[in-house]
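A short reminder: the numbers here are calculations on the coordinates, not readings from a lab. Keep in mind that what you see is a predicted model, and the values were worked out from it rather than measured. FYI the Cβ positions are ideal-geometry reconstructions off the backbone, even for glycines, and counts take in every protein chain you see.
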Amino acid sequence: MNKQTLIDSWNEYVAPSQALSPEEMAKRVARWGGIPASPRAFVDTYVKGHERTLYSVIGSGVTDDPNFRPSIAAAENFHVDYIVAPKGCGAAMHWHDSEEVFVVQAGRWELDWIDGATGKTHTITLGPRDTISVPPFVHRAFRSLDGDDPVTGGMLVSVLGGKTPGRVMWDAALAEKAKAVGAGFGPDGMAAQAQNT
């Protein structure tokens, strides 16, 4: 290409910025000490081995806790959460109706998934800054291999696609374990555990 064509091409690639005041931008900042956290964000957290804390950073994402709100409410087609779990703990097998990306922030994590064509479960180990993208409707589970300190142990970042992600769908094996400890869903679809368990 000649020089003038390249110079002229800029006419189609320059545009002004949308208005955004410092006050509006401040609503879009999540500071670590102020990010809402829930140890009961999902029904599987009532089952031993699935303990973890979910930090809701951007967007409503998906949760079974009706009082859990994100630090940054505005989300345009994605949701971000931090996940911190004790060593050996993490999410049970589940799927979402949208893509989910995991980025290891600290520690090592294992991610399992079920191949629906064969019924086989596969495992992959991820280290710091490794990233994996799990397609919609594929059962996945994950667990921390290094403990629950978000700096020296394990922290996983979850980015869930979609403007309004649907509910989490769980593997039947989790349903049986949750029933055994009296955990299920109330009329509002939120997780609960019977008081007498």
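Surrounded by 16 or more Cβ atoms within 10 Å (Cβ to Cβ) and of a type in the set (Lys, Arg), is that true of residue 163? No; evaluated as a whole, the condition is false for this residue. Screening the candidates 47, 29, 80, 43 for the property of being under 12 Å from the mean Cα position of the chain (by Cα) and on the phi < 0 side of the Ramachandran plot yields one hit, 80.
Out of all the residues in segment 9-21, is one or more assigned to a helix (DSSP H, G or I) and either surrounded by 10 or more Cβ atoms within 10 Å (Cβ to Cβ) or in contact with a helix residue (DSSP H, G or I) (Cβ under 6 Å, 6 or more places away or on another chain) (or both)? Looking for residues that are assigned to a helix (DSSP H, G or I) and either surrounded by 10 or more Cβ atoms within 10 Å (Cβ to Cβ) or in contact with a helix residue (DSSP H, G or I) (Cβ under 6 Å, 6 or more places away or on another chain) (or both), one finds at least one in segment 9-21, hence yes.
Looking across segment 28-52 at every residue that is of a type in the set (D, E, K, R) and closer than 27 Å to residue 167 by Cβ, the one that is surrounded by the most Cβ atoms within 10 Å (Cβ to Cβ) is identified as 44.
From the list 159, 134, 103, 138, the lone residue that is within 16 Å of residue 54 (Cβ to Cβ) and in contact with a Phe, Trp or Tyr (Cβ under 9 Å, 6 or more places away or on another chain) is 159.
Looking at 174, 156, 145, just one residue is of a type outside the set (Lys, Arg), touching a helix residue (DSSP H, G or I) at 6+ places or on another chain (Cβ under 9 Å) and surrounded by 11 or more Cβ atoms within 10 Å (Cβ to Cβ), and that residue is 174.
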